[in-house]
1. When the Cα centres of segment B:131-173 and segment A:79-153 are compared, how far apart do they sit, in Å?
2. Among A:221-233, A:380-392, how do they line up by average Cβ neighbours within 10 Å per residue, starting with the highest?
3. Give the average, rounded to an integer, of partner chain Cβ atoms located within 10 angstrom of each Cβ in B:325-334.
4. Modelling each spin label as a point 7 Å along the Cα-to-Cβ direction, I'd like the B:Arg135/A:Leu299 distance in nm, to one decimal.
5. Please report the relative contact order for chain B, taking Cα pairs under 8 Å with a sequence separation of at least 6, and give it as a percent rounded to a whole number.
6. Could you state the orientation-averaged shadow area of the convex hull built on the Cα atoms of segment B:233-380, in nm² to one decimal?
7. Projecting each Cα onto the charge dipole of segment A:3-178 (Lys/Arg +1, Asp/Glu -1 at the beta carbon, about the Cα centre), which of A:Pro102, A:Gly11, A:Gln151 comes out farthest on the positive side?
8. Over the whole of B:132-144, what's the average partner chain Cβ count within 10 Å per residue? Rounded to a whole number, please.
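The values are calculated or read from the model by the stated rules, or taken from the named source; none is laboratory data. Being a predicted model, the structure only gives us computed values, none of them experimental. Neighbour counts are summed over all protein chains in view; Cβ atoms, including those assigned to glycine, are modelled from backbone coordinates with ideal geometry. When the accessible area is computed, the model is the full protein with side chains, heavy atoms only, and any ligands, DNA or RNA have been set aside. Shrake-Rupley method; radii C 1.70, N 1.55, O 1.52, S 1.80 Å.
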Amino acid sequence: MSKKNAFKTTGLMKELMANYYAKGVEAKKNGIPVAWVTAVFPVELLYAAGLFPYYPENFGAMAGARKVANQLSEVAETKGYFNDLCAYARCGIGDAYADEHPVGKIIKPDLLLCCNTQCGSLPKWFEAAGRFYNAPYFLLDSPQIVEQPDQLCKQYFVDQLKEMVSFIEEITGKPYDYDRLSEVLALSNEACRLWNEILDSAALKPAPFGFFDACFHMAPIVTWRGTPEAVTYYRALKDEVDERLNKGVYAIPDERYKIYFDHIPVWPKLRWFSDLFANHGALVVASQYTHSWAYSFDLNRPLESLAENYTEQFVNRSFNYRIQLKINFMEKYGVDGFVLFSNRSCKPNAFGLYDKHKVISQKTGLPGVVFDADMSDLRFFSENQVKTRLETFFEQLS
Amino acid sequence: MITSQLISYFNETINDHDRFVEQWKRTSGGKVIGFLLTDVPEELIHAAGFFPYGICGSNVGQERVDAHLQNWACSLVRSSFALALQGRLDFLDGLIIPQTCDTTRMVSGIWKHARPLPLMENYLLPRQVDRPSARTYLVGELTRLKGRLENYRGTVITNDEISKSISLYNSNRKLLRRIFSLHEQNPECISNRNLYALIRAALIMPREILNDHLRQLVDALQQDCQSSSAAAQTRLIISGSVIEPLEILDYIDQAGGVVVGDDLQNGWRYIEADVRESGDPLEALADYQINRIPFAAYDTVSNPRRHFLVHLASQKQAQGVIFLHLKYCETENYDYYDNMQAFNKISIPTLRIETEFGGSSMGQLSTRVQAFMEMVGGEV
Ligand code: SF4
């Protein structure tokens with residue numbers, strides 16, 4: 001992801017994302033309801049209903065990447081929200097109370113729709129935001145799949161999707177359009193297919209595309225999934241990846257090792273990490289995070305299929321499943337080692353990593369390392385400590 | 001027995017609870033199923049013939065947890081897990097973890113990996129309770145859990161068994177509520193500290209033994225507590241997840257405060273309502289859960305927590321509110337600002353205290369409680 005090696009498509013993405021925020025602002029002006037949603041959320045239902053879905057987590061990631069998470073968080077902290085909370089939530093809450101908006105003003109919700117597959121922080125953040133903005137809040141509740149997916153939880157989710165459809169109908173004053181939903185689901189399928197083909201190119205040796213590129217190019221699959229824009233974008237990116245392959249342009253100059261990385265990156269240090277890995281000839285090739293957007297919907301059973309896709313995500317799975325998933329990725333991408341990020345912000349993904357590290361090492365024989373930091377807040381980032389840990393890990397690779 | 005003897009019996013039992021349970025196990029030959037926090041349907045575990053044992057955290061041994069769980073996990077879960085790692089929960093035959101937050105959700109797999117037990121289950125309670133889907137799902141989840149308990153015991157659990165357990169638990173809650181109201185009327189007769197010690201005892205004692213002693217205590221208290229001393233006391237509400245450390249109640253006692261309500265998992269919230277004794281018992285358990293006092297793990301749309309708290313405070317004529325929060329308890333932290341604001345609006349002073357199992361400084365705690373009590377008491 002070094003500067004000179006940047007993808008041409010990056011320009012297109014910047015345009016697309018600027019457009020996304022502009023559309024949100026415009027929606028507000030034109031009286032189109034803005035619905036806050038969470039990253040792992042059946043957003044297809046909203047696009048089909050003509051609502052504008054807004055991702056405050058994306059706002060949080062942006063604040064992290066622009067190194068202002070601390071600044072926004074401190075505003076939340078003066079109110080009594082502590083810095084132990086998820087940094088995305090702190091940034092969102094901080095921005096609500098702040099006078100200065102270093103990443104632009106978070107768009108005010110007309111309604112808040114939250115799915116808790118990912119974590120328990122989102123519902124609590126959305127509840128607080130619902131009180132602040134005085135907007136109705138709806139929780140799509142997804143109990144953890146502890147063993148295998150079962151009918152009970154699936155039916156519960158489907159029932160709630162129906163409840164949500166009624167809730168949306170009340171807001172829009174129109175009967176729900178299931179034909180439109182089919183179209184949106186097909187667009188989502190296509191964008192996810194393209195996105196995963198791009199991600200898969202990281203398995204080639206040497207590879208034209210890696211995890212840090214994926215972090216950079218993932219915003220549209222999160223926010224624009226279900227629209228033609230996402231499809232156009234990932235088609236362009238896919239073409240560029242193919243073109244690079246033909247020309248022999250690779251993600252890093254001298255790829256010697258492939259690495260698995262868990263999970264969200266340290267946003268304000270994205271370049272620092274990618275350079276550090278590249279300097280050691282190590283390409284991070286996969287992460288369950290960037291690979292989460294791999295939905296495949298059955299248009300004939302839209303609600304059931306939405307329920308399966310969204311509840312069976314790794315974020316809603318337990319200890320053993322997650323270990324196996326990581327190992328599967330490691331095998332598929334033929335990695336030489338793995339790095340697990342114990343992210344202080346994200347307890348559901350950090351808790352368990354110490355044991356998982358041991359189990360994965362035992363099962364695969366691969367070297368691995370766990371480091372502690374925060375995905376957005378540099379107050380919890382010790383460059384020396386992280387560097388020392390990773391250097392030791394790189395030594396084990398060779 | 002007289003009041004003081006009964007109270008010491010309960011205090012000794014909670015101080016020495018490992019020994020108490022081990023002895024119970026030896027004499028009865030029964031099985032003990034542990035649980036975390038208090039939303040787990042104990043009635044169902046009891047109906048299966050097992051003794052539901054509430055794990056309440058501890059003050060020592062947390063460093064053992066570091067290899068498994070980050071030190072920014074809450075100390076209730078860390079110190080409860082520490083007990084298991086130290087071998088101090090070896091009397092357990094099983095464990096049920098209710099998934100109420102990310103920490104409980106994730107520790108379940110870690111616990112099972114590090115200290116497996118013959119029966120390990122999650123209680124996947126719904127985290128929205130306002131829509132019809134929640135009840136249907138919860139009845140299904142209770143049925144699933146019942147199935148797991150049946151597998152473990154080897155026979156079916158009958159509705160009759162569940163109904164009997166529900167009555168037993170109801171009678172226990174009634175006794176504790178009776179003592180709670182005696183405490184409200186006459187805190188000198190049963191102090192804050194002793195009242196909450198009784199509720200803690202309820203988590204770690206078989207109901208049959210517990211109820212027997214509680215009945216004696218109610219009789220003794222009714223004799224001892226003829227007059228009312230409540231008028232001279234400052235009325236307080238405590239809001240938080242669990243009461244920790246118990247010493248805070250001593251400080252409130254010393255400063256002339258009486259706790260008249262709470263939304264704590266091991267306080268009033270644990271005993272406040274009964275389970276319906278008619279109709280389908282699993283449906284009754286589901287309705288009970290759905291209508292419980294809101295807590296941080298889920299705020300309800302129809303009865304938001306801050307409204308509940310404000311209502312409780314005005315109903316109980318509380319003069320002050322203490323937010324007793326465990327460090328790193330995220331769900332409490334998300335609610336704090338708005339709850340605090342809700343009390344500001346009605347001019348009830350609040351104090352937030354952050355504590356940690358095994359990490360609270362008692363001197364500081366005592367000073368802060370005392371200062372707050374002087375401030376609140378001064379306003380009467
Ligand atoms: S980073 Fe983790 S805790 Fe924060 S919103 Fe995302 S999944 Fe939830």
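1. Going from one Cα centre to the other spans 33 Å.
2. Details: A:221-233: 21.9, A:380-392: 14.2.
Packing order, densest peptide first, comes out as A:221-233, A:380-392.
3. Working: counts 1, 0, 2, 4, 2, 12, 6, 1, 8, 14.
Mean shielding count: 5.
4. 3.9
5. Numbers: 585 pairs, mean separation 71.4, N = 380.
Taking the mean separation of contacting Cα pairs over the length of chain B, I get 19 percent.
6. Values: hull surface 38.0 nm².
Average projection, Cα convex hull of segment B:233-380: 9.5 nm².
7. Going by the Cα projections, it comes out as A:Gly11.
8. Working: counts 3, 11, 6, 0, 4, 9, 1, 1, 6, 4, 0, 1, 3.
Taking the mean over all residues of the peptide, I get 4.
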